[in-house]
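The values are calculated or read from the model by the stated rules, or taken from the named source; none is laboratory data. This structure is a prediction, so every number in the text was calculated from the model and none was measured. Here the Cβ positions follow ideal geometry from the backbone for every residue, glycine too, while neighbour counts run over all protein chains shown.
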Amino acid sequence: MRHMLFAFGWVLILSAPIVGLLPGPGGIFVLAAGFALLLETSPWARRFYVRTKRRWPRLGEWVDWGMRRRSARRRREREKPALAVPLD
C-alpha cells in the first residue's frame, strides 16, 4: 500500500501542470497533495523536507500548516508562553 501511495504521489505531481491549464487554482492543490503523499511515504522526501526547512524556515511553517502536522502544533503551543512573557 505504501508503494502505491508513493507512486500516486508522483502521478499527482506529474499531472499538476496539466490540471494547472484548466481555469482555477486546481494545479496548486494537486501538486500539494502529491507532495504530501511523498512526504508521508518516503524517507528520502522527509530528509529533503528537513534540509529545506532548515534553509528556509518560513517555507517549512507553511508546509506544516498546510499538512496540519502535529509537530508544528506542538511547536507553536510551546512558543506561545515564551512570546507572552514581557521583556523589561
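Would you say Leu5 is surrounded by 16 or more Cβ atoms within 10 Å (Cβ to Cβ), hydrophobic (A, V, I, L, M, F, W, C) and out of contact with any Cys (no Cβ under 7 Å at 6 or more places or on another chain)? Talk me through it step by step, then tell me what you get.
Working: surrounded by 16 or more Cβ atoms within 10 Å (Cβ to Cβ): no; hydrophobic (A, V, I, L, M, F, W, C): yes; out of contact with any Cys (no Cβ under 7 Å at 6 or more places or on another chain): yes.
Answer is no for this residue.
Checking Leu83 against (1) exposed (fewer than 10 other Cβ atoms within 10 Å of the Cβ); (2) modelled with pLDDT of 85 or more, which single condition isn't satisfied?
Going through (1) exposed (fewer than 10 other Cβ atoms within 10 Å of the Cβ); (2) modelled with pLDDT of 85 or more one by one, Leu83 breaks only (2).
Out of Ile13, Ile28, which single residue is of a type in the set (A, V, I, L, M) and in contact with a Leu (Cβ under 9 Å, 6 or more places away or on another chain)? Spell out how you get there, then give the answer.
On the way: Ile28 fails: in contact with a Leu (Cβ under 9 Å, 6 or more places away or on another chain).
The match here is Ile13.
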